[in-house]
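This report refers to the structure that appears directly beneath it.
Just so it is clear, none of the values below were taken in a lab; they were calculated from the coordinates. Treat the numbers as computed from the prediction; the structure is a model and nothing was measured. Cβ: placed from backbone, ideal geometry, glycine included. Neighbour counts: every protein chain shown.
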Amino acid sequence: MKQLANQIAVVTGASRGLGRAIAWTLAEQGATVVAAARTADKLADLAGEAKAAQLAGTIVPRALDVTDRAAVEAFVEAVVGEFKKIDILVNNAGITRDSLLMNMEDEQFDEVMTANLKSVFWLTRITSRYMVRARYGRIVNISSVSGVCGNAGQSNYAASKAGLIGFSKSVAKEFARRNITCNVIAPGFITTDMTDVLPDKVKEEYKQIIPCRRFGEPADVAAAVAFFASPAAQYITGQVLAVDGGMTM
Ligand SMILES: NC(=O)c1ccc[n+]([C@@H]2O[C@H](COP(=O)([O-])OP(=O)(O)OC[C@H]3O[C@@H](n4cnc5c(N)ncnc54)[C@H](O)[C@@H]3O)[C@@H](O)[C@H]2O)c1
């Protein structure tokens with residue numbers, strides 16, 4: 001039997017990039033994955049592909065804007081209503097609105113903090129109620145090397161991703177006795193739409209500071225998420241795992 005058989009997982013921002021790979025990997029491991037993103041059309045394609053590939057689990061598409069608190073709460077209630085529990089929560093949805101600090105507008109800062117951090121507070125707060133009742137939970141939050149080391153032009157994004165680390169460690173401490181773990185993945189440069197927009201020159205410069213000398217693939221991050229999300233990771237909580245080709249070692 002697959003290690004995530006009979007488990008219900010929620011993955012946000014699952015329409016593309018890392019979230020898509022995470023949803024796929026968890027379904028491969030047997031989970032029923034509620035894949036959420038702002039619009040459900042790409043998610044429906046993903047669910048269809050998972051079905052065609054005869055994965056052990058299934059992907060269930062659901063529209064959700066994580067920056068809408070009422071929608072987040074209604075979403076979790078609906079998932080629990082339908083599937084009775086949430087074993088795994090992967091907070092992956094995230095955005096960038098890059099700018100040098102001196103030119104950064106309040107809106108750019110607030111938008112990133114809401115999408116990347118406050119949304120995680122909302123989703124984790126309501127989901128944890130059900131995990132506490134079930135005395136089981138695996139929460140995995142997707143931060144970034146920018147949140148660990150900082151990055152010029154990303155003071156808003158780095159603040160949100162560093163905030164996620166402090167948030168996750170606090171959640172880990174609150175729930176450790178209840179068999180609920182909360183861990184963080186800090187991806188380095190992974191090939192997705194988010195990094196495709198970088199100029200080629202910048203990409204080449206980054207490759208020179210990555211010991212592996214290449215960008216990672218979404219599947220590299222998904223494999224690490226699947227481990228934290230598994231029953232086998234029961235004694236690991238409050239940790240930050242860099243998936244970055246050695247960039248921050
Ligand atoms: N790609 C990288 O190199 C990299 C590195 C470090 C961290 N990350 C983080 O990994 C996560 C995924 O990044 P990616 O590269 O796949 O990005 P991406 O832009 O390709 O995908 C982001 C996903 O989040 C979703 N999303 C954005 N705002 C949302 C909202 N308000 N409600 C619901 N969904 C929303 C998008 O629809 C999309 O599915 C992000 O949190 C990002 O900060 C990525």
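The table for this structure:
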| quantity | calculated |
| --- | --- |
| Of the criteria (1) over 21 Å from GLY19 (Cβ atoms); (2) assigned to a helix (DSSP H, G or I), which one VAL120 fails | (1) |
| Failed item in (1) of a type in the set (Val, Ile, Thr); (2) surrounded by fewer than 20 Cβ atoms within 10 Å (Cβ to Cβ); (3) within 22 Å of GLU73 (Cα to Cα), with VAL34 passing the rest | (2) |
| Among (1) more than 13 Å from the ligand (Cβ to nearest atom); (2) closer than 21 Å to GLU28 by Cα; (3) crowded, with 21+ Cβ neighbours inside 10 Å, the one test that LYS85 misses | (3) |
| Segment 214-249, subset among the aliphatic types (A, V, I, L, M) and more than 15 Å from the chain's Cα centre (by Cα), residue surrounded by the most Cβ atoms within 10 Å (Cβ to Cβ) | MET247 |
| Options LEU64, LEU101: the member that is within 16 Å of the ligand (Cβ to nearest atom) and farther than 27 Å from GLN234 by Cβ | LEU64 |
| Test: ALA186 is assigned to a helix (DSSP H, G or I) and either surrounded by 14 or more Cβ atoms within 10 Å (Cβ to Cβ) or small (Gly, Ala, Ser) (or both) | no |
| Some residue of segment 155-163 being within 11 Å of the ligand (Cβ to nearest atom) and of a type outside the set (Gly, Ala, Ser) | yes |
| Number of positions in segment 88-117 that are crowded, with 24+ Cβ neighbours inside 10 Å and not in a helix (DSSP H, G or I) | 7 |
| Residue tally, condition among the charged types (D, E, K, R), within 12 Å of the ligand (Cβ to nearest atom) and not in a loop (DSSP other than H, G, I, E, B), over segment 189-240 | 4 |
| Pair list, Cβ under 9 Å, 6 or more apart: segment 134-157 residue without any contact (Cβ under 8 Å) to a residue 12 or more places away in the chain, other residue charged (D, E, K, R) | ASN151/ASP98 |
| Test: residue in segment 6-17 that is under 12 Å from the mean Cα position of the chain (by Cα), assigned to a helix (DSSP H, G or I) and within 10 Å of the ligand (Cβ to nearest atom) | yes |
